[in-house]
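Participant: I have a structure I would like to understand better, so I am pasting it below and will then ask my questions one at a time.
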Amino acid sequence: MPPSPLEIISGVSAAHHAQPIVLERDHAILDVAPPAVSGAPGPTYRLRIDEVGDAAVVREVEPTLLPACCPERHINCDGTFCLYWEEAEPLSVTDAKSASLWFGKLLVFLRRQRVAAARRQWPAQAEARAHGMRAARHQVVAERAASELGPRFRKQLMRLSTRRKSVAGQPRIRLLRDGVRLVTVSERDSRLMTKRARCKCDDAARLGLPACACGDHQAALTNLTLALHGWKRAEEEFYAAYTALGIECCGTMDYCPLRKETA
Amino acid sequence: MGNSWKYDRAKEAIDKRFEEVKTVEIVDYKRDMSLESIPTNKAYRVDGAHLYADILNMADILATTEKEGERSHRRTLRFLNLHQRAVHRILSRCDARRVDFHNQRLHSLVAKPYGTEEEKKRVCRAVAIGKLIIDVLADTGDDDEDIPNAKVRIGIDSGLTLAVNNGRNGNREPLFLGSAANLAAKLASNWRAEGIYLTNGARKAAGIEQTEEGKEGTTPLTADQIAYCQDVAKLEVGKDTIVKEWRQDNKDNPIGSFDFSRPTPPLRSLNISVLTPGNSKRMKAMSVYADIDGFTKYVADNIDKKAADVVRCFQVIRSELDRVVSSDFGGRRIRFVGDCIHALLMEGTAHTTYDQETISTATLCAGALRSSFDLALERLKANKVGVAGLGLAIGYEFGPMTVTRLGMQGDRVRCSVSRGVLASEDEQCRCNGVETAIGQAAYDAGTDAVRKLFGKTRKLSGLDYDTAVDSLEAEGDKVAKDAAIAAYAVAAPAMAKAVEQPFRPFSETP
């Protein structure tokens, strides 16, 4: 019988700054001390690992060094750490190599927690997945569409926002960058209403083409606008679900929607 | 080990330094003692009047051109050189000790006549010397070279200070710790009006009417009060003689033109002791100021009963700050200014400066300075040295920098002046003991990661080395990423691999 993910993780833990404390059939407990870049001594986290199929989920045994729950810090409401999004990057722990990959994510996650606590905001927000599966799916579409418009455009994704407005009873979604409108999309038929305006891609100034004649950019701008709008709404629903459950903000982050709700 | 800070390395260096000052000797300064080359583990209690002279219009000269080019630097250095020569002549003719020329700021000590009972004479002498400096520098510009006269503000206080060894490697000048030196400096540099300003303590010692509490910096001595001090002091020399000698000296030993070349990085290897006006350095670089916050009060609280601890604390901390700048980050200390270190950092080649690399590296260095400072306090405490109330204020700014030596041949003083140098000091001044501030030019030219880290206030609390690396690395800063990967490659290879990839944590719907 092949070793279980828990046995594999415990087996390689010594190479990853972790020490097994308990190894049961259904869970393991490890002491993990993520190394600092400087080699300075840091905190040791006592973590519980549970198996979910071939994957492993991890949480603090008791929420001592981390909040019990904080979506902004990627700690689910059951205390488990959301190290990655299974749908986009599945990670089965089947051997030492995949366990090492898992440990890499865990150790970086714990280091990022230190920065988040010090700065009161999650570092590299642009890199993190959106909150909740629906929002994350929209995010994937938005990122792909933004990439099609060029690397510079992709880099500015976090500066984009959308605004929904009805004109003559027709719902329209405006795509804005730093508050300035780029394009407008008709929500009813998912149509780019400004397709004859100059494209917004990285090469727009050089090519001088309208969006409808600039490769596939008409579709990219449309998809991007709709996906960003969907992302925003999905995240609002995500936090509404938290609020409905009566989950309160842990107070460790400055820009947390739950904080606003409770204020 | 390039451009990184290691806990173990810092701890070892701090402990080693502490061993050197484990036994400290404190001696009362007497007339036949020399203040040159004081051993690191020795300090003298010196009673004297401290005089600071601040040339108020230096920043204006730096700012006269729109672009901070060679001409602007040449003019500023010539301005300082002319006036420093004149001040040097005054001090040597009046038997006062020059402690340091820190660009536009002169610190000197009037220790004679010796003895507590002679304080009045010392303060009056300091006032008379201050007046002479003002008068002479109002006449030592250079019309041919369009160098204006200097506008001067003088600050004076009197009292007991500790003279300790300043710096390393042949820097023989002493440095004075204590409120007399500090208050005189504040009186000279915290306001912009010309004149001579005394603390109430110094006024009392001189027999001059005291001012209202808190008005010492805005109440200059009157002409009558200055005349009274001049009568008591009876200086052996007057303005006309000094100016005449200064003119003759400039004729005999012309300053020559300032010629610039670029130094080759690392700046650590820059030999400042061979620089002259004709062989000056100029480059785009980072100027860093790190000041021990609360040290004046610490000295005042401990100078009587725990003076040895003051020396230990001072030598351990600043030696470690110097080590971090030069050893860990390849930078160059320009000077210690009291309890503050001024240093330059540069990444690049002999031909060009890599702007963003320099700014990111300096950000890591600023974090490392705080990490080392905190560790030094921890180690001092472990060795039963009190460190209550001490902090570190750090400011840095990027831009064109100069390094040269000014003054008389055989007695030249190092100088690094530019808008960036002044701005970095200003940034440091707006920080408390846990804060780090980055200048506007560095903020604008830095990576997105640097800008995100500091935010619009350009100021952060508690930025240590690990926080700096982790924050910048997370935001994709290449210098920080390389530092993290290099550090983890051996200690945690799985982490090094994870850092190389985008890290995309998720949040599940409840």
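The values are calculated or read from the model by the stated rules, or taken from the named source; none is laboratory data. These figures come from a predicted structure and were not determined experimentally. All Cβ positions, glycine included, derive from the backbone under ideal geometry; neighbour counts span all protein chains shown. Remember, those area values only see protein heavy atoms, side chains included, never the ligands or the DNA or RNA. Shrake-Rupley method; radii C 1.70, N 1.55, O 1.52, S 1.80 Å.
Participant: Which lysines does B:Lys251 reach when only Cα atoms under 19 Å apart count, and residues fewer than 8 places away in its own chain are ignored?
Facilitator: Partners found: B:Lys239.
Participant: Give me the percent relative contact order of chain A, please, defined on Cα pairs under 8 angstrom at least 6 residues apart.
Facilitator: On the way: 402 pairs, mean separation 36.0, N = 263.
14 percent.
Participant: Between B:Asp8 and A:Ala88, what is the label-to-label distance in nm when each label sits 7 Å out along the Cα-to-Cβ direction?
Facilitator: According to this spin-label approximation, the distance is 3.8 nm.
Participant: In addition: Please give the net charge around A:Cys77, taking every other residue with its beta carbon less than 13 angstrom from that of A:Cys77, where Lys and Arg add +1 and Asp and Glu add -1. Please report the intermediate quantities before stating the final value.
Facilitator: Numbers: positive: A:Arg59, A:Arg73; negative: A:Glu72, A:Asp78, A:Glu248, B:Glu508.
Surrounding charge for A:Cys77 is -2.
Participant: Then there is this: For the range B:212-248, which trypsin sites (Lys or Arg not before Pro) are both in a DSSP coil and crowded by at most 16 other Cβ atoms within 10 Å? Walk me through the numbers on the way to the answer.
Facilitator: Numbers: sites: B:Lys215, B:Lys234, B:Lys239, B:Lys244, B:Arg247; in loops: B:Lys215, B:Lys234.
Those that pass, being in a loop and sparsely packed, are B:Lys215, B:Lys234.
Participant: Sticking with this one: How big is the equivalent ellipsoid of the range B:1-132 along its three axes, where each semi-axis is √(5λ) from the Cα gyration tensor, reported in whole Å from largest to smallest?
Facilitator: For the range B:1-132, the semi-axes come out at 33, 31, 10 Å.
Participant: Hey, what angle do you get for helix B:355-382 against the long axis of chain B, alpha-carbon based, 0 to 90 degrees rounded to 10?
Facilitator: The angle comes out at about 80 degrees.
Participant: Do any cysteines of chain B lack a neighbour Cys whose Cβ is under 4.7 Å away, and which are they?
Facilitator: Cys with no partner Cβ under 4.7 Å: B:Cys94, B:Cys313, B:Cys340, B:Cys365, B:Cys415, B:Cys429, B:Cys431.
Participant: While we're on this one: Looking at the range A:14-51, which residues lose a minimum of 50 Å² of accessible area between their chain alone and all protein chains in place, measuring with a 1.4 Å probe and not counting ligands or nucleic acids?
Facilitator: A:Val37, A:Ser38
Participant: Let me ask you something else. Can you check what the Kirkwood hydrodynamic radius comes to for the protein assembly as shown, Cα pairs only, in Å to one decimal? Could the numbers behind the result be given before it?
Facilitator: Working: mean 1/r = 0.0336 Å⁻¹.
Kirkwood hydrodynamic radius for the protein assembly as shown: 29.8 Å.
Participant: Please arrange A:Val180, B:Val46 by accessible surface area, largest first, computed with a 1.4 Å probe and ligands excluded. Display every interim value, and only then the final one.
Facilitator: Numbers: A:Val180 95, B:Val46 0 Å².
Largest accessible area first, the residues go A:Val180, B:Val46.
Participant: Separate question: Identify all aspartates and glutamates with a Cα-Cα distance to B:Lys16 below 15 Å; exclude those on the same chain that are fewer than 8 residues away in sequence.
Facilitator: Output for B:Lys16: B:Asp8, B:Glu320, B:Asp322, B:Glu378.
Participant: Report ³J(HN,Hα) in whole Hz for each residue of the range B:41-46, in order, from the Karplus equation J = 6.51 cos²θ - 1.76 cosθ + 1.60 where θ = phi - 60°; Gly and Pro get x.
Facilitator: 3J(HN,Hα) across the range B:41-46, in whole Hz: 9, 9, 8, 10, 7, 10.
Participant: Just to confirm my numbers, what's the Cα centroid distance between the range A:100-136 and the range B:83-115 in Å?
Facilitator: Here the answer is 58 Å between Cα centres.
Participant: Bin width 5 Å, alpha-carbon pairs only: give the P(r) of the range A:168-209 as whole percents, running from 0 to the bin holding the largest distance.
Facilitator: That works out to 5, 22, 23, 25, 15, 6, 3, 0, in percent per bin.
Participant: Give me Rg over Rh for chain B, both radii from the alpha carbons and Rh done the Kirkwood way, two decimal places. Write down the numbers at each step before the final one.
Facilitator: On the way: Rg = 23.7 Å, Rh = 23.9 Å.
Looking at chain B, the ratio lands at 0.99.
Participant: So how tilted is helix A:217-244 from the main axis of chain A? Cα-based, degrees 0 to 90, rounded to 10.
Facilitator: Taking the Cα atoms of chain A, the angle to A:217-244 is about 50 degrees.
Participant: Sticking with this structure for a sec: Give me the distance in nm between label points sitting 7 Å out from Cα along the Cα-to-Cβ direction at A:Val141 and B:Asp301, one decimal.
Facilitator: Result for the modelled spin labels: 6.2 nm.
Participant: Next question, about the same structure. For chain A, what mean projected area does the convex hull of the alpha carbons give, in nm²?
Facilitator: 18.0 nm²
Participant: Amide H neighbours of A:Arg172 under 5 Å, at least 5 residues apart or on other chains, H built in the peptide plane: list them.
Facilitator: Here the answer is A:Lys165, A:Ser166, A:Val167, A:Glu187, since their amide H atoms fall under 5 Å of that of A:Arg172.
Participant: How big is the charge dipole of the protein assembly as shown about its Cα centre, in debye rounded to the nearest 20, if each Lys and Arg gets +1 on its Cβ and each Asp and Glu gets -1 on its Cβ? Provide the component values of the computation, followed by the final result.
Facilitator: Working: 111 positive and 103 negative charges, 310 e Å.
The dipole magnitude comes to about 1480 debye.
Participant: Relative contact order for chain B: what is it in percent, counting Cα pairs under 8 Å that are at least 6 residues apart?
Facilitator: Details: 1045 pairs, mean separation 79.8, N = 510.
Relative contact order comes out at 16 percent.
Participant: Between the range B:267-296 and the range A:138-187, how far is it from one alpha carbon centroid to the other, in angstrom?
Facilitator: 49 Å
Participant: Turning to a different aspect of this structure: Work out the length of the dipole vector of the range A:5-119 about its Cα centre, built from +1 on the beta-carbon of each Lys and Arg and -1 on the beta-carbon of each Asp and Glu, and round it to the nearest 20 debye.
Facilitator: For this selection, approximately 660 debye.
Participant: Amide H to amide H, which residues 5 or more places from A:Leu182 or on other chains are under 5 Å from it, using H placed in the peptide plane?
Facilitator: Here the answer is A:Leu175, A:Leu176, A:Arg177, since their amide H atoms fall under 5 Å of that of A:Leu182.
Participant: Let me check I have the definition right: for the range B:34-252, take the eigenvalues of the Cα gyration tensor, multiply each by 5, take square roots. What are those semi-axes in whole Å, largest first?
Facilitator: Details: eigenvalues 149, 89, 62 Å².
Output for the range B:34-252: semi-axes of 27, 21, 18 Å.
Participant: With only Lys, Arg, Asp and Glu charged, each at its Cβ (+1 for the first two, -1 for the last two), find how big the charge dipole of the range A:133-262 is about the Cα centre; round to the nearest 20 debye.
Facilitator: On the way: 25 positive and 14 negative charges, 126 e Å.
Roughly 600 debye for the range A:133-262.
Participant: Moving on. For the range A:117-131, take each phi angle, set θ = phi - 60°, evaluate the Karplus expression 6.51 cos²θ - 1.76 cosθ + 1.60, and give the result in whole Hz per residue in order, putting x for glycine and proline.
Facilitator: With coefficients 6.51, -1.76 and 1.60, one gets 5, 6, 9, 6, 7, 6, x, 6, 4, 5, 7, 5, 6, 5, 7 Hz.
Participant: Please list the non-local residues whose amide H lies under 5 Å from the amide H of B:Ala285, H modeled 1.01 Å from N, same-chain partners needing a gap of 5 or more.
Facilitator: Correct list: B:Gly399, B:Met401.
Participant: Let me have the 222 nm mean residue ellipticity of chain B computed from DSSP H runs of 4+ only, each contributing -39500 (n - 2.57), with the sum over all residues rounded to the nearest 500. Don't jump to the answer; show the numbers that get you there.
Facilitator: Values: 17 runs with 214 residues, N = 510.
Helices in chain B give a 222 nm mean residue ellipticity of -13000 deg cm²/dmol.
Participant: Next question, about the same structure. Apply the Karplus curve 6.51 cos²θ - 1.76 cosθ + 1.60, θ = phi - 60°, to the phi angles in the range A:7-19 and return the couplings in whole Hz, x for Gly and Pro.
Facilitator: Going residue by residue, I get 5, 5, 4, 4, x, 9, 4, 4, 7, 10, 6, 10, 10 Hz, with x marking Gly and Pro.
Participant: Something else now. On a straight-distance basis, which aspartates and glutamates could pair with B:Lys497 in a cross-link, Cα separation under 20 angstrom, same-chain partners fewer than 8 positions away excluded?
Facilitator: Result set, ordered by chain and number: A:Glu86, A:Glu89, A:Asp95, A:Glu127, B:Asp466, B:Asp470, B:Glu473, B:Glu475, B:Asp477, B:Asp482.
Participant: Which of A:Gly230, A:Gly39, A:Gly179 moves most in a GNM of chain A, Cα contacts under 10 Å?
Facilitator: Maximum among the listed residues: A:Gly39.
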